[in-house]
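Asks: Please find one structure pasted underneath; my questions will follow.
Laboratory data are not the source of any read-out in this text; all were calculated from the coordinates shown. Because the structure is predicted, anything quoted here is derived from the model rather than measured. Cβ placement follows ideal geometry from the backbone for every residue including glycine, while neighbour counts extend to all protein chains displayed.
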Amino acid sequence: MKRTLVVFALALSILTPACRRRESHSTFAGAPVIIISIDTMRADHLPMFGYKEVDTPALDALRKDSILFTSAYATSPLTLPSHASMRRSGPVESLEFVRGDALARMQRYDEAIAAFRREIVSFPRNGRPYASLYVVYMLTNRPAEARAALVELAAANPIRRTFQFAASSADALGDRETASLWRRRAGEK
């Protein structure tokens, strides 16, 4: 028993230093975080991911002294909302608008309406979700709600340009009566 204890203690004294976490002396406290974002480029077409058909000496040099992340997740499939979300926290302008637009194109109108409403709550000065609400309501044969969306737009942004925007939105769908009303409000004939 005493011999087993001595062997165990000897093994423990040999292995313990090997199990300690070593502090890295190659780290740089307070190192800057550099995010490189290139629109419309496939990661698998870069040498750092094994591709041999191009040379990227500057990226390769940066890579040698960096940590390379191999997975990234975006808040949106579109560049503008994704980049905006990297710079701030909270709601991202146009994100719900883009979501609503995609849902409307898939004819998931109720979900699209909800997404446009979320965009309006967060960014009431953005005219696009109001115009898209107008379109979705007209497509679903709800003209009173469509016109109400334009009234909401004008209430949130009571300027001539808004009235012109409402008129052009109505014109685009052939709603001449509504377009005429908004042109008059804009001071046009």
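Asks: Within the stretch 139-168, which residues have the backbone N less than 15 Å from the label spot 7 Å out from Glu177 along Cα→beta-carbon, could you tell me?
Replies: 141-148
Asks: What net charge is computed for the residues neighbouring Ala155, neighbours being all others with C-beta under 14 Å from the C-beta of Ala155, Lys and Arg scored +1, Asp and Glu -1?
Replies: Neighbourhood net charge equals +2.
Asks: Still on this structure, please answer the following. With r as the distance between the Cβ atoms of Thr79 and Ile34 and R0 = 30 Å, compute the FRET efficiency 1/(1 + (r/R0)^6) and round to 0.05.
Replies: That gives a FRET efficiency of 0.95.
Asks: Let me ask another. Just how far, in whole angstrom, is the stretch 153-189 from the stretch 117-151 if you go by their alpha carbon centroids?
Replies: 13 Å
Asks: Between Met41 and Arg142, how many nm apart are label points set 7 Å from Cα along the C-beta direction?
Replies: Going by the 7 Å Cα→Cβ label model, 4.4 nm.
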